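Undergrad: Before I ask anything, let me first share the structure, which is written out below as structure tokens.
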Amino acid sequence: MTELAVPTSASGTAANPYITAQRQFDQAATLLQLDSGMRRVLREVRREFTVNFPVRMDTGRIRIFTGYRVQHNLTRGPAKGGIRYHPDVSLDEVKALAMWMTWKCAVTGLPYGGAKGGVICDPDQLSRQELENMTRRFASEITVLIGAASDIPAPDVNTNSQVMAWIMDTLSMERGYSVPAAVTGKPIEIGGSEGRPMATGRGVTVVTLEACRRMGIDPHQATVAIQGFGNVGSVSADLLHAEGFRVVAVSDVSGGIHVPGGIDVPALLAHRGAGGRLADWPGAIPIGNPALLELPVTILIPAALENQLTVANAARVQARLVVEAANGPTTPEADDIFAQRGITLVPDILANAGGVTVSYFEWVQDLQSFFWEEKEINARLTRVMERAYLQVEELAQAHDTTLRMGAYCLAVKRVADATQLRGIYP
Ligand code: NAD
């Protein structure tokens, strides 16, 4: 099913995202001169939980699914992180995503640790009833970990507000009272936040504008290619288009479209909303996911999965600016190639932190049972993202390094300081 770029490491084997995450951490730990004890604590996940659980399918047959919930770090607050449904979910992928969540929450200054969850499944092959049954049983299996004070799930690839509603309801039924703050990304009707569905793409837009301002790129002269047209990719496309950028290519799991003159993004979203496929967009040149990454554009936004920009294609990327809307789309080898070639990269733990930031606002609103207006949420989100960008940039300059390492230095130091202060129990 996948038509994405070949996910390879320097050795030619598929890059393991957890090894990528640990390599990134090691580089930051060296820059920060962390002592070896602290390194050992922070480079491993705190808890990894695997569940194999039965689900009754529409045929009456019982199928066993495997799912994971991993908590990387809980030092700065409850664990926070999404739940992914995908055939390629693995424990190492979830561990990497959990570690990146720790750094993401620390970069933005949110009082959370990092977690992630996933179920190995292809949701396109499940009926709505089967999806609900699977979600509810998975939620029940992980109730030992999740809760408003301990670990708060949210949407990720192939999960959405409806899935979050089922998780919240399952947890509430088991507790005997409603626990809206135990899950974020819920529908507004049951304690969700205004602005949450757009939040990650809005954050991507804020950091793209910040980067352009510093690089002297005029949005009205800039072209953009976006890989992945789900929640994050489509909202980013819409908001960047509204800011005057020319979005010339987008793609999803089935492939992409290239419109050199620029895509009318609101019209494309309406076409998709009415059930149309990207491939049927009139006047578009069909393009594969690997070729999209190498288009001659100003800005490239990977917004699908890990391991898209690798040693195999980084030298052919033509964008001046890469904004990582997806988690882990770039391998460390590709990072080095971009740095050597003078390509600026805004790293995932900064670029896509808008989602967890508004998830934090949602959690705060649920705990207070007091809800804010969208205007206030968007203004606060913009302030958090702009502040984080500035702090990351300052550290990158101070250490004479990339924005990724600037972000890691900021995040790892915050978590290390908190760990030092709390000490070791007992
Ligand atoms: P989504 O399920 O809404 O969309 C995923 C997109 O990627 C779809 O267009 C899908 O067709 C495409 N895709 C999936 N598998 C693919 C494959 N094998 N080949 C090609 N394309 C494929 O997911 P999303 O929430 O938009 O998440 C996208 C990325 O952003 C992920 O890396 C996720 O971890 C990250 N992210 C999401 C959020 C959020 O709030 N949803 C927050 C931060 C980071």
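The values are calculated or read from the model by the stated rules, or taken from the named source; none is laboratory data. Here the structure is a predicted model, which means the values were calculated and not measured. Ideal geometry is used to build each Cβ from the backbone, glycine not excepted, and the neighbour counts take in all protein chains shown. Each accessible area value is taken on the protein alone, full model and side chains, heavy atoms only, with ligands, DNA and RNA left out. Shrake-Rupley method; radii C 1.70, N 1.55, O 1.52, S 1.80 Å.
Undergrad: Can you give the local net charge around residue 172? Use residues other than it whose beta-carbon is closer than 13 angstrom to its beta-carbon, Lys and Arg +1, Asp and Glu -1.
TA: Once positives and negatives cancel, what remains is 0.
Undergrad: So, one more: Could you provide, to the nearest whole Å², the per residue accessible area of the stretch 199-351 with probe 1.4 Å? Each step should come with its number before you reach the end.
TA: On the way: 5150 Å² over 153 residues.
In whole numbers, the stretch 199-351 has 34 Å² accessible per residue.
Undergrad: For the chain, which semi-axes, largest first and in whole Å, follow from the square roots of 5 times the eigenvalues of its Cα gyration tensor?
TA: Details: eigenvalues 181, 146, 91 Å².
Result for the chain: semi-axes of 30, 27, 21 Å.
Undergrad: Then there's this: Within the set 80/104; 80/413; 375/413, which residue pairs have Cα atoms separated by over 21 Å? All intermediate terms of the calculation are to be shown ahead of the outcome.
TA: On the way: 80/104 10 Å; 80/413 19 Å; 375/413 32 Å.
Exceeds cut-off: 375/413.
Undergrad: Here's something else I'd like to know. Give the Cα extents of the stretch 151-207 along the principal axes, in whole Å, largest first.
TA: 42, 21, 19
Undergrad: Rounded to whole Å and sorted largest first, list the principal axis extents of the Cα atoms in the stretch 199-351.
TA: Sorted from largest, the Cα extents of the stretch 199-351 read 42, 30, 26 Å.
Undergrad: According to the square roots a ≥ b ≥ c of the eigenvalues of the Cα gyration tensor, what is the shape class of the stretch 366-426, taking rounded for a/c under 1.5, prolate for a/b larger than b/c otherwise, and oblate for the remainder?
TA: Oblate shape, in that a/c is at least 1.5 and b/c is the bigger or equal ratio.
Undergrad: Cα convex hull of the stretch 314-426: mean projected area in nm², to one decimal? Don't skip to the end; give the middle numbers.
TA: Values: hull surface 39.6 nm².
Average of the hull's projected areas for the stretch 314-426 equals 9.9 nm².
Undergrad: ³J(HN,Hα) across the stretch 297-304 via Karplus (A = 6.51, B = -1.76, C = 1.60, θ = phi - 60°), whole Hz, x for Gly/Pro?
TA: Each residue's phi maps through the Karplus curve to give 10, 6, 10, 10, 10, x, 9, 10 Hz.
Undergrad: In terms of solvent-accessible area of protein heavy atoms at a 1.4 angstrom probe, what is the ranking of 61, 23, 136, highest value first? Please list the in-between numbers first.
TA: Working: 61 135, 23 105, 136 70 Å².
So the residues, ranked largest to smallest area, are 61, 23, 136.
Undergrad: I've got another one for you. If you place +1 on the Cβ of every Lys and Arg, -1 on the Cβ of every Asp and Glu, and leave all else neutral, what size is the dipole of the stretch 199-351 about its Cα centre, to the nearest 20 Debye? Walk me through the intermediate numbers first.
TA: Values: 9 positive and 14 negative charges, 55 e Å.
About 260 debye.
Undergrad: Let me ask something else about it. For the chain, what is the mean residue ellipticity at 222 nm derived from helices alone (per DSSP H run of n ≥ 4: -39500 (n - 2.57); sum divided by total residues; nearest 500 deg cm²/dmol)?
TA: Values: 14 runs with 188 residues, N = 426.
Mean residue ellipticity at 222 nm (helix-derived): -14000 deg cm²/dmol.
Undergrad: Turning to a different aspect of this structure: Kindly report the accessible area of the stretch 45-179 per residue (heavy atoms of protein chains, probe 1.4 Å, no ligands, DNA or RNA), in Å².
TA: Values: 4830 Å² over 135 residues.
Computed with neighbouring chains in place, this is 36 Å² per residue.
Undergrad: If we restrict to alpha carbons, what Rg and Dmax does the stretch 265-359 come to, in Å?
TA: Using the Cα atoms of the stretch 265-359, the pair Rg, Dmax is 15.0, 44 Å.
Undergrad: Also: Report the one residue of 321, 405, 89 whose Cα lies farthest in the direction of the positive end of the charge dipole of the chain (charges on C-beta: Lys and Arg +1, Asp and Glu -1; origin at the Cα centre).
TA: Of the options given, the answer is 405.
Undergrad: Roughly how big is the chain's charge dipole about its Cα centre, with Cβ charges of +1 (Lys, Arg) and -1 (Asp, Glu), in debye to the nearest 20?
TA: 760
Undergrad: Turning to a different aspect of this structure: Per residue and in Å³, how big is the convex hull formed by the alpha-carbon atoms of the stretch 59-149?
TA: Numbers: hull volume 9.2 nm³, N = 91.
Per residue, the Cα convex hull of the stretch 59-149 comes to 101 Å³.
Undergrad: Can you give the net charge of the other residues whose Cβ lies under 15 Å from the Cβ of residue 275, counting K and R as +1 and D and E as -1? Mind dumping the intermediate values first?
TA: Working: positive: 272, 277; negative: 124, 252, 280.
Around residue 275, the charge tally is -1.
Undergrad: Here's another thing I want to ask about it. Once neighbouring chains are kept in place and the probe is 1.4 Å, which whole percent of the accessible area of the stretch 45-179 is contributed by carbon and sulfur?
TA: On the way: 2190 of 4830 Å².
Here it works out to 45 percent.
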